[in-house]
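Each remark here refers to the structure printed beneath this line.
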Amino acid sequence: MTTLTEAGPQTTGDTKANRQADNMAVASFVLGLLGTLVLNLVLGPCALVLAGLALARGTTRRGRALLGLTLGFADLILLATLATNDGTVSWHIGG
């Protein structure tokens, strides 16, 4: 006779939660990377929030979440630097 335990449904829910946290970690990395090129005012904070959520939810892709966090901060530092030097919130190549 087979008995059901409550561990079965919890592992399924944990797997789904881990998958969502992993996806958030990857999204934070991609948004942070894109934010260094375009829309750093928007994509930088999004990368920070997603990385923080992924780390709080216990992602297995911790390195990617930390990279997303670092790139999000770099986006905001780049934005602050460009805004103080050029007086604008965007950057361009050339003079």
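So, residue 26, is that one open to solvent by 30 Å² or more (accessible area, probe 1.4 Å) and without any contact (Cβ under 8 Å) to a residue 24 or more places away in the chain or not?
Here the answer is no, as residue 26 does not meet what is asked.
Based on this model, can you work out whether residue 76 counts as out of contact with any Ser or Thr (no Cβ under 9 Å at 6 or more places or on another chain), crowded, with 16+ Cβ neighbours inside 10 Å, modelled with pLDDT of 90 or more and in a helix (DSSP H, G or I)?
yes
Taking the stated definitions as given, is residue 59 at pLDDT 95 or above and at negative phi?
No; evaluated as a whole, the condition is false for this residue.
Just wondering, is there one or more residues in the stretch 33-52 that are surrounded by fewer than 13 Cβ atoms within 10 Å (Cβ to Cβ), at pLDDT 90 or above and within 26 Å of residue 15 (Cα to Cα)?
no
Does the stretch 20-34 include one or more residues that are in contact with a Phe, Trp or Tyr (Cβ under 7 Å, 6 or more places away or on another chain) and closer than 22 Å to residue 81 by Cα?
Scanning the stretch 20-34 turns up no residue that is in contact with a Phe, Trp or Tyr (Cβ under 7 Å, 6 or more places away or on another chain) and closer than 22 Å to residue 81 by Cα.
Checking residue 58 against (1) surrounded by fewer than 15 Cβ atoms within 10 Å (Cβ to Cβ); (2) outside any loop (DSSP other than H, G, I, E, B), which test does it fail?
With respect to (1) surrounded by fewer than 15 Cβ atoms within 10 Å (Cβ to Cβ); (2) outside any loop (DSSP other than H, G, I, E, B), residue 58 is out only on (2).
The values are calculated or read from the model by the stated rules, or taken from the named source; none is laboratory data. Since this is a predicted model, take the numbers as computed values, not measurements. In this analysis, Cβ positions are derived from the backbone assuming ideal geometry, glycine residues included, and neighbour counts consider all displayed protein chains. What goes into the accessible areas is simple: the full protein's heavy atoms, side chains included, and nothing from ligands, DNA or RNA. Shrake-Rupley method; radii C 1.70, N 1.55, O 1.52, S 1.80 Å.
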